[in-house]
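Single-structure report; data block below.
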Amino acid sequence: MQDTIFKRIADSSLFNGFVLFMILLAGVVVGLETYPSIQESHSDTLHLLDQIILWTFVFEAFIKILSFGKSPWKYFSDGWNVFDFTIVVICFLPLNASYSAVLRLARILRVLRLVSALPKLQLLVGALIKSIPSMIYVFILLILHFYIFAVLGTFLFQINDPAHFGDLQTSMLTLFGLVTLEGWVDVMYINFYGCDQYGYVDSPIPCNTPQSQPIAAALYFISFIITGAMIVLNLFIGVIMNGMEEAKEEEELKQREGFLKDGKISPEEELLIIQKKLEELNTDLKYLGIKLKANEELRKKIN
């Protein structure tokens, strides 16, 4: 009976809403502690709030562990529970003044508990984590893209624009700024008109050898912006969106499995859900067949 009570408390919207409020309060408290004047004048109040927040998180962990009944170790099978429990443990470590930064970090990490408290944020973080393997390859492609353009830019603009293309590492750093579309037109105009005509008037680096390259500068910067900012960076968005779809599908599958275990939906209802998914897949296949047929007809006309 007690297991059922703890389970109901842990799953109740009132309990989760209270924990969410305490997480937001923890964020406000840690923000107020960054102001020395507030810290000095209200140190006792902030310390009291900090202790209330900490013991609230302890109580939450206690309730969630007991909600698993005779299998309390299952609490640690969820990565978010491990994250929450770790933050609580760090806050209780006997750290002296030399390790105060660790304690402050733990207080800041309390704000991240907002992710574990909101399922939608968990879904977003899960999608990002699932996207990491694919994002690594996109990142390698981006580095190769930067390196090629950095070498080319150093060869072309090193003499005219040493502030931005003086050496390879400077060129890489410049391109990193340009791919965010921050001031790329100004850098292009420096090499388009020459450093004596644009951009080096108030620069601490002197313009000793101006060299105007209008065609090379226009082709270089426009091609870099198109391929870098508009194509390669958008691959990151595509990878994240794909990870989001996979995370949503896994979440729906877990929910259905949980409903079946809890008896919230019957096997017949599960079959109806599967049937609906098959109908959606059949519709997609029909649409794909229509596109393939249209492409085949177009190919015949061209031939």
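What the table below lists for this structure:
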{"quantity": "Selection within region 14-42 - within 24 Å of Ala61 (Cβ to Cβ) and among the acidic types (Asp, Glu)", "calculated": "Glu33"}
{"quantity": "Filter result (outside any helix (DSSP H, G or I) and out of contact with any helix residue (DSSP H, G or I) (no Cβ under 7 Å at 6 or more places or on another chain)) within region 132-181", "calculated": "Ile159, Gly166, Thr180"}
{"quantity": "Filter result for Pro214 (out of contact with any helix residue (DSSP H, G or I) (no Cβ under 8 Å at 6 or more places or on another chain) and either over 13 Å from Phe149 (Cβ atoms) or crowded, with 18+ Cβ neighbours inside 10 Å (or both))", "calculated": "no"}
{"quantity": "Residue in region 182-193 that is in contact (Cβ under 8 Å) with a residue 60 or more places away in the chain and not in a loop (DSSP other than H, G, I, E, B) present", "calculated": "no"}
{"quantity": "Count of residues meeting criterion [of a type in the set (A, V, I, L, M, F, W, C) and in contact (Cβ under 8 Å) with a residue 40 or more places away in the chain] in region 108-128", "calculated": "9"}
{"quantity": "Set Ile205, Ile240: member being within 30 Å of Leu121 (Cβ to Cβ) and either touching a helix residue (DSSP H, G or I) at 6+ places or on another chain (Cβ under 6 Å) or without any contact (Cβ under 8 Å) to a residue 40 or more places away in the chain (or both)", "calculated": "Ile240"}
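Each reported figure results from applying straightforward, stated rules to the coordinates on display, with no laboratory input. Source: prediction; values computed, not measured. FYI the Cβ positions are ideal-geometry reconstructions off the backbone, even for glycines, and counts take in every protein chain you see.
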